[in-house]
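Asks: Before I ask anything, here is the structure I am working with.
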Amino acid sequence: MSEQHDSKAMQRAVVQFDCHGTASGKMRNDLSVHMRQPFAEGPFEMATDEGSFHGGDGTAPPPLALFVAGLTGCIMTQIRAFAKRMGVTLTNLSVDARVQWDWEAKGRVYETGPRSFEVDVAIESPDAEEKVAALINAARKGCFIEQTLGRQNTIRHRMKTAEGWKEL
């Protein structure tokens, strides 16, 4: 969450982002993302596209690239924000993330499943190793994306019909 807002005054909050996507090319999607709660930020405009495998033009990163970038950026943000709060000095920070999925052809379509999520954190700090490890563990608990990946989630899908929205 943004440092410009008084996070010390908040004890609990719902954090909500909404995204509206519009198909705009062969496989390109233009996305408008808004943070709605606990305060408004955005819109953040971005796009995804696919390469020739899916018939796209490669004009923007594929969705999986944004996903892995989001995971990497999330943990890096939390480390930097929490370092200040925990009194840990960061001389340098880099993160390498590797994400693998299984892919299997199923007739004319395919199915996927997560295989592994690996995050390597390199912190240069004059502080004790235990203090740096505590920072990384706190950041892991504060990273929205990492916490989402570590839990089983229910994702609702609805389809717009002439009668309204239908649950799938």
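Laboratory data are not the source of any read-out in this text; all were calculated from the coordinates shown. The structure presented is a predicted model; accordingly, all values stated were derived computationally and were not measured. Cβ coordinates were reconstructed from backbone atoms using ideal geometry, including for glycine residues, and neighbour counts include every protein chain displayed.
Asks: Can you tell me the dipole magnitude for the chain around its Cα centre, using point charges on the Cβ only (Lys, Arg +1; Asp, Glu -1), in Debye to the nearest 20? Walk me through the numbers before you get to the answer.
Replies: Details: 20 positive and 22 negative charges, 120 e Å.
Rounded to the nearest 20 debye, it is 580 debye.
Asks: Would you mind calculating the relative contact order of region 62-154 from Cα pairs under 8 angstrom and at least 6 residues apart, reporting the percent as a whole number?
Replies: Once normalised by length, the contact order is 33 percent.
Asks: Starting from the Cα gyration tensor of region 1-61, take the square roots of the eigenvalues, sort them a ≥ b ≥ c, and report rounded, prolate or oblate (rounded when a/c is under 1.5, otherwise prolate if a/b is larger than b/c, else oblate).
Replies: Judged from the Cα gyration tensor, region 1-61 comes out prolate (a/c at least 1.5, a/b above b/c).
Asks: Straight-line reach from LYS131: which lysines fall under 30 Å, measuring Cα to Cα and dropping same-chain residues less than 8 apart?
Replies: LYS8, LYS84, LYS141
Asks: For the pair ASP96 and ARG36, what calculated FRET efficiency results from E = 1/(1 + (r/R0)^6), where r is the Cβ-Cβ distance and R0 = 35 Å, to the nearest 0.05?
Replies: Values: r = 32 Å, r/R0 = 0.92.
For R0 = 35 Å, the calculated efficiency reads 0.65.
Asks: Something else about it: If the chain between PHE44 and THR77 were fully stretched, how many nm would it gain, using 0.36 nm times the residue separation less the Cα-Cα distance?
Replies: Values: separation 33, 0.36 × 33 = 11.88 nm, distance 1.73 nm.
Working it through step by step, the gained length comes to 10.2 nm.
Asks: Return the single residue from VAL33, VAL14, VAL99 with maximal mean-square fluctuation; model: Gaussian network over the chain, springs between Cα atoms under 10 Å.
Replies: Comparing VAL33, VAL14, VAL99 in the GNM, the peak value goes to VAL14.
Asks: Continuing with this model, one more query. Which shape class applies to the chain: rounded if a/c is under 1.5, otherwise prolate when a/b exceeds b/c and oblate if not, where a ≥ b ≥ c are the square roots of the Cα gyration tensor eigenvalues?
Replies: Prolate shape, in that a/c is at least 1.5 and a/b is the bigger ratio.
Asks: Would you mind putting 79-90, 35-46 in packing order, based on average other-beta-carbon counts within 10 Å, highest first?
Replies: Details: 79-90: 16.1, 35-46: 12.8.
Per-residue mean Cβ counts within 10 Å order the peptides as 79-90, 35-46.
Asks: Could you work out [θ]222 nm for the chain from helices alone, using -39500 (n - 2.57) per DSSP H run of at least four and dividing by all its residues? Round to the nearest 500 deg cm²/dmol. List each step's numbers first, then the result.
Replies: On the way: 3 runs with 44 residues, N = 168.
It lands at -8500 deg cm²/dmol.
Asks: Can you run phi through the Karplus equation (6.51, -1.76, 1.60; θ = phi - 60°) for region 14-20 and list ³J(HN,Hα) in whole Hz, with x for Gly and Pro?
Replies: Each residue's phi maps through the Karplus curve to give 8, 10, 10, 10, 10, 10, 10 Hz.
Asks: Within region 35-71, list the residues whose amide N lies under 16 Å from a label point set 7 Å along Cα→Cβ of ARG108.
Replies: Residues 54-55 fall inside that zone.
Asks: Taking K and R as +1 and D and E as -1, what net charge do the other residues with C-beta under 12 Å from the C-beta of MET159 add up to?
Replies: Result for the neighbourhood of MET159: +2.
Asks: Picking from GLY55, ALA138, ALA128, whose Cα lies most toward the positive end of the charge dipole for the chain (charges on Cβ: Lys, Arg +1; Asp, Glu -1)?
Replies: Sorting the options by dipole projection puts first ALA138.
Asks: For the chain, modelled as a GNM with alpha-carbon contacts under 10 angstrom, which of GLY107, GLY142, GLY150 fluctuates the most?
Replies: GLY107
Asks: While we're here: Karplus couplings for region 97-106 from phi (6.51 cos²θ - 1.76 cosθ + 1.60, θ = phi - 60°), rounded to Hz, Gly and Pro as x?
Replies: Values, residue by residue: 10, 10, 10, 10, 10, 8, 10, 9, 5, 10 Hz.
Asks: Could you run the Karplus curve 6.51 cos²θ - 1.76 cosθ + 1.60 with θ = phi - 60° over region 48-64 and give me ³J(HN,Hα) per residue in whole Hz, x for Gly and Pro?
Replies: My calculation for region 48-64 gives 10, 8, 10, x, 5, 3, 9, x, x, 9, x, 7, 8, x, x, x, 5 Hz in order.
Asks: Ranked by Cβ crowding within 10 angstrom, fewest neighbours first, how are ILE155, ILE75 ordered? Mind showing how you got there, number by number?
Replies: Working: ILE155 4, ILE75 22.
Taking fewest neighbouring Cβ atoms as first place, the list is ILE155, ILE75.
Asks: On to the next question. Round to the nearest 10 and give me the degree value, 0 to 90, for the angle of helix 129-142's Cα axis relative to the longest principal axis of the chain.
Replies: 30 degrees
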